[in-house]
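Colleague: Dropping the structure in here first, questions after.
The values are calculated or read from the model by the stated rules, or taken from the named source; none is laboratory data. Please read these numbers as outputs of a predicted model, since none were measured by experiment. Every residue, glycine as well, gets a Cβ built from its backbone with ideal geometry; the counts of neighbours run over all protein chains shown.
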Amino acid sequence: ITGLSPEAFTEAAKRFINADSRLIALTVGAAENQKGYETVVSAANLLMLLGEGPDALQVPSDYSNTLGAWLVGTRPAEGGKDLYEMLYNPGSLKALYVMGEDPVVTMPEANTIKENLEGLEFLVVQDIRLSETAKLADVVLPAAAWSEKEGTFINSQGIPQPFPKVVSPAGDAVPDWQILRNLARVMEHDLGVIELNTLREEIASIEVDRGQQKWRYRPVTQPQFEFTHQQYPILMVTGNIMQHSGALSVMSKSLSHVLSDAFVQISPEDAKKYNISDGEFIKITSPFSEVFIKARVSDEIPEGMLFVPVHFAHARVNSLVSCPKTGTAHPTPVKIEPSH
């Protein structure tokens, strides 16, 4: 499970248990898949059993305004459709309004999402760039980026954090709230007086329900992955790498100078087994799709597994990955072969 020797694992456990004070800090990557989620729960269980309080576990939010979006109501309404229903069920919608997201690139079963979006009667995308999803839209509304507008983030403690405009918006871009206000006016829907100050006052009045904040032990089981087919003998893990985040950072020329193209990391043992050379393109096939990506042979990857970054739209990595209704995100069974 860990890749550590029993001796190294035991020594690390003794040092942690016998320490005078303890802190576990996990990166945002810990929440990107089911194993990451279970790692967070396991860390909480360990600290609780050692008598530590909640402050001993530090896990940052996925994004700077995750809690803020939830608090202002950006979530399914009573009886509303969730993400799975909207994007993965053909015919569930006639029209869709997408803001600041590129599901054709960043979400699992990307081919299914693209087919469903193409089947809509009307698609509107509001974004700071012409994303792959925006290219499918009937209407694209240009929004100002965070540096081009004033606004407010709400951090994971529920504290509003105003920020100023740094540069002028490019082209016809305007802040998101102005786009929504102007649409409401055109549709003759009265939202009252909507200005930046009134929005900030409303945000400042939001009360955060922190609950009881008590420890609660939650068992975590280590699942045994079973391949649905013998023809898919390798597990593929997708995620972020240090140089990029999501699909937006690839627009940065500076970051792209450091790393500008997709790749798949493969162990030396599997490279030899499947006759794959470092730097050559290989074909990766899952039950959902197939893609061609350049191989990087690395001893950082254990035998029987692959790692592929999700940042590069042209690689179509998320077309390989399934989207279970349970919300879990286990590794994807795939097969690999040289492209030649």
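Colleague: Return the residue satisfying two criteria in turn: it lies in the range 258-277 and is assigned to a helix (DSSP H, G or I) and touching a residue at least 12 places away in the same chain (Cβ under 8 Å), and of such residues it is farthest from Ile234 (Cα to Cα).
Modeller: The residue in question is Val258.
Colleague: Then there is this: Looking at the range 140-148, can you tell me whether even one residue there is farther than 17 Å from Thr74 by Cα, β-branched (Val, Ile, Thr) and without any contact (Cβ under 8 Å) to a residue 12 or more places away in the chain? Write out each step before concluding.
Modeller: We begin by selecting, within the range 140-148, every residue farther than 17 Å from Thr74 by Cα; these are 140-148.
Now drop any that are not β-branched (Val, Ile, Thr), which leaves 140.
Next cut, without any contact (Cβ under 8 Å) to a residue 12 or more places away in the chain only: none.
No, the conditions are met nowhere in the range 140-148.
Colleague: For Pro60, only one of the following conditions fails: (1) modelled with pLDDT under 85; (2) surrounded by 14 or more Cβ atoms within 10 Å (Cβ to Cβ); (3) farther than 27 Å from Glu207 by Cβ. What is its number?
Modeller: Of everything listed in (1) modelled with pLDDT under 85; (2) surrounded by 14 or more Cβ atoms within 10 Å (Cβ to Cβ); (3) farther than 27 Å from Glu207 by Cβ, Pro60 misses just condition (3).
Colleague: Please tell me if Leu71 is closer than 30 Å to Asp20 by Cβ and among the hydrophobic types (A, V, I, L, M, F, W, C).
Modeller: no
Colleague: Ok, one more. Spot the failing condition for Asn89; the list is (1) without any contact (Cβ under 8 Å) to a residue 40 or more places away in the chain; (2) under 26 Å from Ala173 (Cβ atoms); (3) of a type outside the set (Gly, Ala, Ser), and only one is missed.
Modeller: All conditions are met except number (2).
Colleague: Another question, if that's okay. Out of (1) among the aliphatic types (A, V, I, L, M); (2) over 24 Å from the mean Cα position of the chain (by Cα); (3) within 17 Å of Asp102 (Cβ to Cβ), what's the single condition that is false for Leu180?
Modeller: (3)
Colleague: Something else now. Looking at the range 3-27, I want the residues that are within 21 Å of Glu38 (Cα to Cα) and have a partner that is of a type in the set (Lys, Arg) and surrounded by 11 or more Cβ atoms within 10 Å (Cβ to Cβ) with Cβ atoms under 8 Å, at least 6 apart or on another chain. Which pairs are those?
Modeller: Filtered contacts from the range 3-27: Phe16/Arg22.
Colleague: With the requirement that a residue be of a type in the set (A, V, I, L, M, F, W, C), modelled with pLDDT under 90 and not in a helix (DSSP H, G or I), what does the range 71-129 give you?
Modeller: Val72, Ala77, Met107
Colleague: Another question about this same structure. Working only within the range 29-54, note down all residues that are in a helix (DSSP H, G or I), closer than 15 Å to Arg216 by Cα and either modelled with pLDDT of 85 or more or within 17 Å of the chain's Cα centre (by Cα) (or both).
Modeller: Glu38, Val40, Val41, Ser42, Ala43, Ala44, Asn45, Leu46, Leu47, Met48, Leu49
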